[in-house]
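Please treat every number below as a calculation from the coordinates, not as lab data. Quick caveat, the model's predicted, so the values are computed rather than measured. Every residue, glycine as well, gets a Cβ built from its backbone with ideal geometry; the counts of neighbours run over all protein chains shown.
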Amino acid sequence: MSKKLQSLIRSINNCQICAEHFEHKPRPVIQLSSKASILVAGQAPGLKVHTTGIPFNDASGDRLREWMGISRETFYDANKIAILPMGFCYPGRGSSGDLPPRPECAEAWRQQVLDALPKIQLKLVIGRYAIDWHLGQSKKLSVTEMVKNWQSYGDDIMPMPHPSPRNNRWLSNNPWFERDLIPVLQRRVREHLGLLARDKQK
C-alpha cells in the first residue's frame, strides 16, 4: 500500500467531521488498497456494518456478492476490491429507514482517496448518492433510468440499484436487470480480477 493511502486511511479513521450529527461514535468502514482494480462505491454503512466494522457484512452484501459472482474471500481482499461508500460512517436511523450519507464525508475525502487508487479499472456505483457523484448528469434521471442505460457509460463504470432486500419489488418489476446486466457485470468482474484467463485454461 502506498504511503499516501496509508496516511489517508489513518486520517479517515480519526475523522470527526460529522460527529456532532451522530448519536453514536463515528466508525468509518472502508476497504482500500492501492493495488485494487475494482471499486465498489456504495451509500453508507448500516447498523450491522457499523457494529461489526466489516463493509457489506449484511443481506445487502450477500446479494451484491451474488451479483458480482464472487466469494466473500475475494470480496474482502483489499488488494482486489476497494470499498468506498459515499458516507464512511453509519448515519443513523430516520423515520423511514437509515438516514442518507452525510455530505461532508465525500466533500472532505472522496477525491483524495480516488486519486490514491491508481489501478481501479471498474467502478460499481450503487444507489442514488453514488450514481449522482460519479455520473453527475444522473440528477436529471431516475436510478431506474440510469441503470437501464448502463451500456451508454462505457466499460469501466456500471450504475446499479442498491442490493438491499428493500429493493425486492424493484427487482421483480425490472427483470431485465438480472437478465441483461448481471451476466455482463460478472464477466467484467472476472476480467478485472484476472479470472477470465484462468477460466479459459480449465
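Suppose R0 equals 45 Å. What FRET efficiency, 1/(1 + (r/R0)^6) with r the Cβ-Cβ distance, do R10 and S172 give to the nearest 0.05?
That pair, R10 with S172, gives E of 0.55.
List the residues, sorted by chain then number, that are 5 or more residues from I157 or on another chain and whose placed amide H is less than 5 Å from its amide H.
So I157 has HN proximity to K123.
Hand me the GluC sites (Glu not before Pro) from the stretch 95-202 located in a DSSP loop with no more than 10 other Cβ atoms within 10 Å, in residue order please.
Qualifying residues, ordered by number: none.
Only residues of the stretch 75-98 count here: report those whose backbone N is under 15 Å from the spot 7 Å along Cα→Cβ of K25, or say none.
90
Fewest Cβ neighbours within 10 Å first, please rank E66, E23 accordingly.
E23, E66
Between their Cα atoms, which of K4/K35; K3/K25; K48/K148; K119/K148; K25/K48 are more than 23 Å away from each other?
Over 23 Å apart, Cα to Cα: K3/K25; K48/K148; K119/K148.
Measure off 7 Å from each Cα along the Cα-to-Cβ vector at T144 and D62, then give the distance between these two points in nanometres to one decimal.
2.7
Shape verdict for the stretch 99-160, please, from the Cα gyration tensor: rounded (a/c under 1.5), prolate (a/b greater than b/c) or oblate.
Judged from the Cα gyration tensor, the stretch 99-160 comes out oblate (a/c at least 1.5, b/c at or above a/b).
Please say if the stretch 84-202 is rounded, prolate or oblate, where rounded means a/c under 1.5 for a ≥ b ≥ c the square roots of the C-alpha gyration tensor eigenvalues, and otherwise the choice is prolate for a/b larger than b/c and oblate otherwise?
The shape class here is oblate.
In terms of the Cα gyration tensor, with a ≥ b ≥ c the square roots of its eigenvalues, is the stretch 6-58 rounded because a/c is under 1.5, prolate because a/b exceeds b/c, or oblate?
Since a/c reaches 1.5 but b/c is at least a/b, the shape of the stretch 6-58 is classed as oblate.
Taking the Cα centre as origin and putting +1 on Lys and Arg beta-carbons and -1 on Asp and Glu beta-carbons, what dipole magnitude results for the chain, to the nearest 20 debye?
That gives the chain a dipole magnitude of about 380 debye.
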